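The values are calculated or read from the model by the stated rules, or taken from the named source; none is laboratory data. Everything numeric here is computed off the predicted structure, so don't read it as measured data. All Cβ positions, glycine included, derive from the backbone under ideal geometry; neighbour counts span all protein chains shown. The protein model used for the area step is the full one, side chains on, heavy atoms only, and it has no ligands, DNA or RNA in it. Shrake-Rupley method; radii C 1.70, N 1.55, O 1.52, S 1.80 Å.
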Amino acid sequence: MDFVKEFLKKADAGNLRRKLRPVAPVSARECIVDGRKCIDFSSNNYLALSDHPKLKEAAVRWTNLYGAGSKGSRLVTGTFPPYMELERKIAAWKGSEASLVIGSGFLANIGAISAVADRDSAIFADKLNHASLNSGAQLSGAGFRRYRHLDLKHLEALMHNDSPSRRIIISDTVFSMDGDLADVQALKKISHEHGAMLYLDDAHATGVFGCKGEGLASGAGGLDISMGTFSKAMGSYGAYVACSEEMKEYLVNRCGTFVFSTALPPAAYGAIDAAVDLVQSQEYCEIRRNLLVKSAKLAEEIRWIGFDTGNTATPIIPVIAGDPEKVLRISRNLLEKGMLVVAIRPPTVPKGSARLRLSLNSAHTDSDISRLLEALEENL
Ligand SMILES: Cc1ncc(COP(=O)(O)O)c(C=O)c1O
């Protein structure tokens with residue numbers, strides 16, 4: 001067991017040890033930490049849907065109708081017709097021919113990427129892509145080339161030097177620790193010009209961007225794939241892959257995390273169904289717009305105080321302080337003042353860029369934001 005002790009000791013020495021902390025949710029806005037009510041600035045619940053009555057009601061209704069569990073993989077026990085109906089609804093929302101629901105975003109990425117790439121393929125990936133995309137690439141055994149964050153000239157240079165029969169460009173659309181955006185149109189153009197497949201992860205854009213909350217990577221067709229999760233702005237759990245009918249058929253046969261894993265429980269499908277309807281409504285179009293305006297204003301005000309917030313264009317606002325010890329100290333100080341803001345340290349982010357990852361949701365009030373700004377100013 002020496003390797004365990006050694007790992008933990010080293011993590012402690014670098015202020016890099018992670019600990020599970022009891023946090024009880026109260027609402028999208030608040031939670032209880034150490035017996036005290038805090039404003040929650042740590043979640044991915046951007047539209048505050050996790051406790052929306054319609055999602056909760058649908059989860060209970062679908063449980064009462066179809067049971068607590070799905071009883072097996074959909075290929076083994078069959079697919080409840082409402083699941084198929086929901087996949088058609090997701091495809092229409094995403095502007096793709098088809099969609100496939102998979103257990104979680106992590107499972108979708110490792111399963112779908114290892115299904116479409118093999119040892120004879122080359123994957124070209126943004127350096128700041130989410131860990132699940134990198135895990136999928138590693139699992140596939142494909143050649144793995146990483147381009148500098150958002151540097152599409154570097155991507156093209158790598159592609160010129162490397163021409164195996166199958167090439168796949170993989171990128172987040174919203175980068176989860178920086179809140180900045182990939183240039184989806186430029187990625188589409190490059191993939192088209194180089195005859196490469198494009199795989200986009202729309203996890204943090206789903207629900208937050210697009211006229212109907214469909215995200216930034218809509219309209220995947222041909223061999224292209226866009227995926228996203230229902231676990232963030234969509235308020236519950238699970239993931240989708242949006243693609244052509246043919247690609248869906250392929251994934252049903254080849255995506256290991258779909259084939260060999262039990263389907264989501266009916267409660268999750270019910271909550272997903274309710275969320276997909278809600279985010280397309282006029283009400284949520286307004287909520288989305290207000291959230292983005294509020295987020296841009298907060299980022300600007302934090303920059304004005306003197307912190308580096310990178311290039312965020314989303315409700316994810318990094319407050320980059322560099323040193324893990326400093327970030328932990330600010331996070332502790334904020335907690336003392338009744339605000340939960342999580343400290344993100346290497347290896348989740350590159351060395352030297354430890355940060356607070358602040359995330360705003362539509363339930364936060366102006367007074368929550370003023371309190372946060374005041375507390376940050378004291379910690380500069
Ligand atoms: C960009 C991105 N992709 C995929 C995932 C995984 O999604 P899930 O939490 O549904 O497994 C995450 C989760 O943090 C993410 O940030």
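Okay, here's what the table says:
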{"item": "Residue that is nearest to the chain's Cα centre (by Cα), among those in segment 289-322 that are part of a loop (DSSP other than H, G, I, E, B) and of a type in the set (S, T, N, Q)", "result": "T314"}
{"item": "Selection status of D178, within 16 Å of the ligand (Cβ to nearest atom), open to solvent by 10 Å² or more (accessible area, probe 1.4 Å) and modelled with pLDDT of 95 or more", "result": "yes"}
{"item": "Condition check for E87: of a type in the set (D, E, K, R), at pLDDT 95 or above, touching a Leu at 6+ places or on another chain (Cβ under 8 Å) and buried (at least 16 other Cβ atoms within 10 Å of the Cβ)", "result": "yes"}
{"item": "Given (1) over 30 Å from G221 (Cα atoms); (2) outside any loop (DSSP other than H, G, I, E, B); (3) not assigned by TED's automatic domain parsing to the domain that holds S367; (4) not small (G, A, S), number of the condition C31 does not satisfy", "result": "(3)"}
{"item": "Scan of segment 151-199 for residues that are of a type in the set (S, T, Y) and in a loop (DSSP other than H, G, I, E, B), ordered by number", "result": "S163, S165, T173, S176"}
{"item": "Complete set of residues in segment 90-146 that are surrounded by fewer than 21 Cβ atoms within 10 Å (Cβ to Cβ), within 16 Å of the ligand (Cβ to nearest atom) and hydrophobic (A, V, I, L, M, F, W, C)", "result": "F106, L107, L128, A131, L139"}
{"item": "Any hit, segment 323-342, residues being in a strand (DSSP E or B) and open to solvent by less than 30 Å² (accessible area, probe 1.4 Å)", "result": "yes"}
{"item": "Residues being surrounded by fewer than 17 Cβ atoms within 10 Å (Cβ to Cβ) and under 30 Å from A11 (Cβ atoms) - total across segment 349-380", "result": "5"}
